[in-house]
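Remarks on the structure that follows.
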Amino acid sequence: SHVVGWEAVQQWPIGALNRILKTGVLAPTVRAQSIECRQCDNHCFMEVQHRQASGKNPARAFLACDDSKMQEQVGRVNIPLEHLQQWRVTTLQLARVVAALFGIESKTENRVGQSNIRIGMVKSKRGRRWLSLNKSPLTLELNGHRLSLNELLYFEEGALAIDRRRIESL
């Protein structure tokens, strides 16, 4: 599975996260344990420190700069808890969503040790071809050609869609 962090989700169109969660492609997972600090030009990845809620003090998270040159300037950097949210993409669920977008009735299986998941047969002018989802990097493969999923999936009228023309051209 792959993890999508809060910062990446902020680049998406408004409402996209909820729509993707409804498809089942993404599912909430554990909070980030380390993040990139952007308080200085070093952009260090640092472990997140947590303080539990106590009394009237709410739970909080922060980074403690460990760069001796920047420590005095940066000090403790508060991190809003929502910035630690992450979502997991399972390749099996993604393969099932792609199959549904193509109208393929598929009993996709994620077999241990395999680098891809066979989704099913796609009809084209040149005959039928196997459509597969490669696990790393996440690409669709058809007729020996690979296309990145981020180039193929999009939202149209609030629903997840796939660029069929581009795939069928392969």
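The values are calculated or read from the model by the stated rules, or taken from the named source; none is laboratory data. All values derive from a computational prediction rather than experimental measurement. Note that each Cβ is placed from the backbone with ideal geometry, even for glycine, and that neighbours are counted across all protein chains shown. The area values use the complete protein model at the heavy-atom level, side chains included, leaving out ligands, DNA and RNA. Shrake-Rupley method; radii C 1.70, N 1.55, O 1.52, S 1.80 Å.
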- Task: At least 1 residues that are without any contact (Cβ under 8 Å) to a residue 12 or more places away in the chain in each: list the strands (runs of 3 or more DSSP E) lying fully within region 127-170 that qualify.
- Result: 127-134, 139-142, 145-148, 153-156
- Query: Among the residues of region 113-124, is any open to solvent by 40 Å² or more (accessible area, probe 1.4 Å) and hydroxyl-bearing (Ser, Thr, Tyr)?
  - Reply: yes
- Query: How many residues does region 93-111 contain that are assigned to a helix (DSSP H, G or I) and closer than 15 Å to Leu142 by Cβ?
  - Reply: 5
- Query: Among the residues of region 33-54, is any among the hydrophobic types (A, V, I, L, M, F, W, C) and within 30 Å of Leu160 (Cβ to Cβ)?
  - Reply: yes
- Query: Hey, Val77 hits all of (1) over 30 Å from Asp41 (Cα atoms); (2) in a strand (DSSP E or B); (3) open to solvent by less than 80 Å² (accessible area, probe 1.4 Å); (4) not aromatic (Phe, Trp, Tyr) but one; which does it fall short on?
  - Reply: (1)
- Query: Can you pull out the residues in region 88-103 that are more than 13 Å from the chain's Cα centre (by Cα), buried (at least 17 other Cβ atoms within 10 Å of the Cβ) and more than 14 Å from Leu152 (Cα to Cα)?
  - Reply: Arg96
